[in-house]
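Below is one structure, written out as C-alpha cells; the observations come after it.
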Amino acid sequence: MISVEEAISIVLRNAQVFGVESVPLQESAGRFLAEDIHADRNFPPFHRVAMDGIALRKSDFDAGQRIFTIHGIQGAGEPATVCPKGKAIEIMTGAVLPEGADCVIRYEDTEVDGNSRKVNVGSVSMHQNVHQEGSDKRAGEILIEQNTKIGSGEIGILATVGKHSVPVKKMPSVAIISTGNELVEVHQTPLPHQIRRSNVHTLLALLSAYNLTGNEYHLIDDRHMIREKLQDILNRYDVVMLSGAVSKGKYDFLPDVLEELGVVQHFHRVAQRPGKPFWFGSNQNTMVFAFPGNPVSTLACAVRYFTPWLFTSLDLAFKPTKATLKIDVSFKPNLTYFIPVKLENHDGEIYGIPQPGNGSGDLANLTLADGFMELPQGADTYPAGKVFDVYGY
Ligand code: AMP
Ligand code: MG
C-alpha cells in the first residue's frame, strides 16, 4: 500500500496533453481559455454618453450661458452630430458625444424653456457624464488571460470583441461507470436489498463544473460481462472512471479484469480513509481511475486525484484551499484522513469545521461539508489552529 503523497505523484506523472479546440461562444462557459484575449478596439470605442440629457460646450457654460437652444437630438446608434457653439444637443445614454460638445448635463438638472433648455447646476466639469474613449482599456491590451475559466463575465467580454468561436483547452472524453448488482436507476424504486446508483451522478456533477460531459455506463458483477463491456469502453475514451468492485470481495473483479485487458496497474490501495481500495492504471490511450464504491470514498478520491490530474493535463495550476482546522481531531489509524469539513470565513481566515459523519457510506453527511480536509498520515491528533489543504466539491 502506498501513501497519498506517492499516489498523487504517480497520478500527476500520468498527466496527458489534450490540445486546443474552438467552440461556439455559448458553449464556452466553464471551459479554460487557450489564449489571451485582446481588446479589438478601445474600451469604450468612442466618447460614450453615460446619461440621458443635453450635450454642450463647457466653455459656453463657464462664460455664464444657462439657456441653450436645442440644435438637434441624437440617440444611441446614430453617428456623431455637431454641437454648434452656444447650443446643445439632446443626447441619450450610449450615444457618441457630439462633435464640439465636451460635457453632458442630465435631464434632471435641466428644465424645458420653450425651444431651449435651462441648466440648473452651479458648475460643470470637463467630460461630465461622458465615459471617455479608451478609459477602460486601450486597443490591443489583454482583457482576459489564457487559462482563465470562462464565466458569465468573460462571455460578455468575448462577445464584445467578436469571439463567436472561442479557443479553449480541449477536454478528455470521459466514461463514468458504476458497478454492482445492488444498484438500480434513479427513477426506479429499489427493492429492500437494492439501492439507487448515485455515484455516477456525483461524478457527472463534478465534471459539469468544467463543462465536461461524461457518458455513463453500468456493469453488473459478472466477470465475463465486465470484461466484454469494459474492453469496448476502454477503446473509446481518454478517461474511464469506475466506482466499486476494487476491494477484496468475491465479486470485486475489476483489478483482475483491467489487467487482463492490458490496463497496467500503477497502484492499488492507498494509505487513506476513505478510499483505501483506490486502483489507478492506464493503457496507451486511456487513464483508469477505479474508485471504491462507497459514495464518500468515490467523491474524496475524485477531488483528490482526478481533479488535480485534469488540471495538470490542461496545463493549469491546481491549488487546494488552505483552511485552519477549527477543533482538535483525533485519528488513530496510520492513514491519511480525508475528513469532510464545512468551510467558514471568520474575518478573512478560512476555517474547516469537521463534519465526520458515519464514514465512507454516509453520503447523507456530504451536504453538511464543502470539501475534504487532508490530515496527513503519521499523527494521532491534529490540533485546532493548524492549516491543512481542503479539496472542495
Ligand atoms: P464496492 O466498492 O463495490 O464494494 O461498494 C462499496 C459500497 O458502495 C457498497 O455498499 C455499494 O453498494 C456502494 N456503492 C457502490 N457503487 C455505488 C453507487 N454507484 N452509488 C451508490 N452506492 C454505491
Ligand atoms: Mg460492488
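The values are calculated or read from the model by the stated rules, or taken from the named source; none is laboratory data. Computed from a predicted model, the values in this text were never measured in an experiment. All Cβ positions, glycine included, derive from the backbone under ideal geometry; neighbour counts span all protein chains shown. Only protein heavy atoms, including side chains, enter the accessible area calculation; ligands, DNA and RNA are left aside. Shrake-Rupley method; radii C 1.70, N 1.55, O 1.52, S 1.80 Å.
List of remarks:
- Under the combined filter of DSSP loop state and at most 13 neighbouring Cβ atoms within 10 Å, the stretch 129-174 retains these trypsin sites (Lys or Arg not before Pro): R138.
- Here's how it looks for R196: its modeled amide H is under 5 Å from those of V184, which are all 5 or more places away or on a different chain.
- Estimated FRET transfer efficiency (A63, V112; beta-carbon r; R0 30 Å; 0.05): 0.85
- Helix 4-13 vs. the chain, principal-axis angle (Cα, 0 to 90°, nearest 10): 60 degrees
- Using θ = phi - 60° and Karplus 6.51 cos²θ - 1.76 cosθ + 1.60, couplings along the stretch 265-279 (whole Hz; Gly, Pro as x): 6, 8, 6, 9, 5, 10, 6, 8, 9, x, x, 3, x, 3, 10
- Fully extending the segment from K250 to M225, taken as 0.36 nm per residue of separation minus the present Cα-Cα distance, adds 7.4 nm.
- Where only C-alpha atoms are counted, convex hull volume of the stretch 48-131 per residue in Å³: 71 Å³
- Listed residues H224, H346, H38, most fluctuating in the chain (Gaussian network, C-alpha, under 10 Å): H346
- Backbone phi angles across the stretch 172-182, fed through the Karplus curve with coefficients 6.51, -1.76 and 1.60 (θ = phi - 60°), yield HN-Hα couplings of x, 7, 10, 10, 10, 10, 9, 10, x, 6, 7 Hz in residue order; Gly and Pro are listed as x.
- Mean separation of Cα pairs under 8 Å and 6 or more residues apart, divided by the residue count, gives the stretch 321-392 a relative contact order of 47 percent.
- Relative contact order of the stretch 48-131, defined on C-alpha pairs under 8 angstrom at six or more residues apart (%): 40 percent
- Here the accessible area is traced with a 1.4 Å probe on the protein chains. For the stretch 321-392, carbon and sulfur cover 51 percent of it.
- Segment A159-T381, extension gain: residue separation times 0.36 nm, minus the distance between their alpha carbons: 74.7 nm
- Per residue, the average separation of C-alpha pairs within less than 8 Å and at least 6 apart gives the chain a relative contact order of 16 percent.
- Cα-centre dipole for the stretch 115-210 with unit charges at Cβ (Lys and Arg positive, Asp and Glu negative), debye to 20: 260 debye
- Reachable aspartates and glutamates, given that their alpha-carbon falls under 14 Å from the alpha-carbon of K229 and they are not under 8 places away in the same chain: E216, D221, E260
- In loop segments of the stretch 98-175 as defined by DSSP, the GluC sites (Glu not before Pro) with at most 15 further C-beta atoms inside 10 Å of their C-beta are E141, E145.
- Global geometry of the stretch 321-392, whether rounded, prolate or oblate, following the gyration tensor of its Cα atoms and the 1.5 cut on a/c: oblate
- Straight-line cross-link partners of K163 among the lysines, defined as a Cα under 28 Å from its Cα and at least 8 positions apart when in the same chain: K137, K149.
- Bridging of K322 to lysines at a Cα separation below 16 Å is possible for K342, K386, once same-chain residues fewer than 8 apart are set aside.
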